[in-house]
Amino acid sequence: MVTTFRYIVLTAVRDRLLIGVAVALVLAALLGAFLGDATALEQRQMSLAYAGFMTRLILAMGLILFVCFHVQRSYDNREIDLMLSRPISRAQFVLIYWLGFSGVAVLLSLLATVVLPLAALPQGAGLLLWMISLILESLLVIAISLFFALTLKSAVASVMASFGFYLLARMTGLLVNIAEADWSVLQETTLGIFVGYAVYVFGFVMPRLDLFGQTWWLNYGMPAELPAGLIVAQAAIYTGLLLAATIFDFRRRRF
């Protein structure tokens, strides 16, 4: 396991992932500072809001691209076949890969936390909460990307599917709020009733990534009602489900 972890980290260095994401994170922080300075009011708050949003998006995109193309290259180079020829089960293979990618995700999340204050000085407690939430979100993104990468066996298709899943998870809260606001209007037609209940089911099934990494924490510190339990529970449950689905599908494949 240690060897595989080192191999994935070295691959990230070889592919210039760490350098590329680090440069993108610095640019996001500087752009957030610029956009915040252009506003008339609450410049510090706006800078952190812009920088926090772009940082999460860049980090998710970088991890998705790295995982999907790394797995595709491993298929092409027969590296997966070589690893499976050793005394290792397919479940262990999936877990080892997830742990290796997760190590890279944690490193990049810590890097994002260090770079973010370039935009503006955040609240200390809020920054700590944001960092922990970002790490949990990154681990979930790794599980999403690994599931689609091993299932679809196409880098482009797995990237699109992973990023689509991530965006839908980020928009889940917004869709549920819209349905609740227009609930009386939706009940007027059969199609509206179907759409309303479909949105509720969708919000129940999908992870609520809109609760992760909120820029409100960076500006105002710890909230009065901390959703830490909900965030940790979602990260643990959905990561476990995705890994279980990945193992189930991977066991059925022939090499």
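The values are calculated or read from the model by the stated rules, or taken from the named source; none is laboratory data. Model, not experiment: these values are computed from the prediction. Glycine gets a Cβ as well: all are built from the backbone with ideal geometry, and neighbour counts include every protein chain shown.
Of these, Ala149, Ala120, which one is within 19 Å of Val9 (Cα to Cα) and touching a Ser or Thr at 6+ places or on another chain (Cβ under 9 Å)?
On inspection, the qualifying residue turns out to be Ala149.
Consider only pairs whose beta carbons are under 8 Å apart and that are at least six residues apart or on different chains; among these, list those whose first residue lies in region 200-213 and is within 14 Å of Ile231 (Cα to Cα) and charged (D, E, K, R) and whose second residue is at pLDDT below 90 and buried (at least 19 other Cβ atoms within 10 Å of the Cβ).
That search, which allows pairs on different chains as well, returns Arg208/Thr172; Asp210/Thr172.
Can you find, within region 206-229, the residue that is modelled with the highest pLDDT among those that are assigned to a helix (DSSP H, G or I) and either hydroxyl-bearing (Ser, Thr, Tyr) or touching a Lys or Arg at 6+ places or on another chain (Cβ under 8 Å) (or both)?
The extreme case among them is Leu209.
Six or more apart or on different chains, Cβ under 8 Å: which pairs go from a residue in region 85-101 that's closer than 17 Å to Arg252 by Cβ and among the small types (Gly, Ala, Ser) to one that's surrounded by 15 or more Cβ atoms within 10 Å (Cβ to Cβ) and modelled with pLDDT of 90 or more? Could you list them?
Listed pairs, sorted by first residue: Ala91/Ile247.
Quick check on region 191-233: of everything there that is loosely packed, with under 12 Cβ neighbours inside 10 Å and among the aromatic types (Phe, Trp, Tyr), which residue is farthest from Gln45 (Cα to Cα)?
The extreme case among them is Phe194.
With (1) touching an Asp or Glu at 6+ places or on another chain (Cβ under 8 Å); (2) at pLDDT below 85; (3) not acidic (Asp, Glu) as the list, and Leu186 as the residue in question, which single condition is left unmet?
The failed condition is (1).
Regarding Gly164, is this residue touching a helix residue (DSSP H, G or I) at 6+ places or on another chain (Cβ under 9 Å) and in a helix (DSSP H, G or I)?
Spelling it out, it is not the case that Gly164 is touching a helix residue (DSSP H, G or I) at 6+ places or on another chain (Cβ under 9 Å) and in a helix (DSSP H, G or I).
Check whether at least one residue in region 81-89 is among the small types (Gly, Ala, Ser), closer than 24 Å to Ile144 by Cβ and surrounded by fewer than 18 Cβ atoms within 10 Å (Cβ to Cβ), and report yes or no.
Yes: region 81-89 contains one or more residues that are among the small types (Gly, Ala, Ser), closer than 24 Å to Ile144 by Cβ and surrounded by fewer than 18 Cβ atoms within 10 Å (Cβ to Cβ).
If you go through region 3-16 one residue at a time, do you hit one that is of a type in the set (S, T, N, Q), assigned to a helix (DSSP H, G or I), over 18 Å from the mean Cα position of the chain (by Cα) and surrounded by 14 or more Cβ atoms within 10 Å (Cβ to Cβ)? Steps first, answer last, please.
Here is the first cut: in region 3-16, the residues of a type in the set (S, T, N, Q) are 3-4, 11.
From what's left, assigned to a helix (DSSP H, G or I): 3-4, 11.
Still in the running and over 18 Å from the mean Cα position of the chain (by Cα): 3-4, 11.
The next check asks that each one be surrounded by 14 or more Cβ atoms within 10 Å (Cβ to Cβ); those that pass are 4, 11.
Scanning region 3-16 turns up at least one residue that is of a type in the set (S, T, N, Q), assigned to a helix (DSSP H, G or I), over 18 Å from the mean Cα position of the chain (by Cα) and surrounded by 14 or more Cβ atoms within 10 Å (Cβ to Cβ).
Run down Val176, Val156, Val232 and say which single residue is of a type outside the set (S, T, N, Q), in a helix (DSSP H, G or I) and more than 27 Å from Leu48 (Cβ to Cβ).
So the residue among Val176, Val156, Val232 that is of a type outside the set (S, T, N, Q), in a helix (DSSP H, G or I) and more than 27 Å from Leu48 (Cβ to Cβ) is Val156.
Here's a check for you: in region 31-51, which residue that is under 22 Å from the mean Cα position of the chain (by Cα) and not small (Gly, Ala, Ser) is surrounded by the fewest Cβ atoms within 10 Å (Cβ to Cβ)?
Among those that are under 22 Å from the mean Cα position of the chain (by Cα) and not small (Gly, Ala, Ser), it is Leu31.
Search region 131-186 for residues being without any contact (Cβ under 8 Å) to a residue 24 or more places away in the chain and aromatic (Phe, Trp, Tyr), and hand back the single one that is farthest from Tyr200 (Cα to Cα).
Per the stated criteria, the residue is Phe165.
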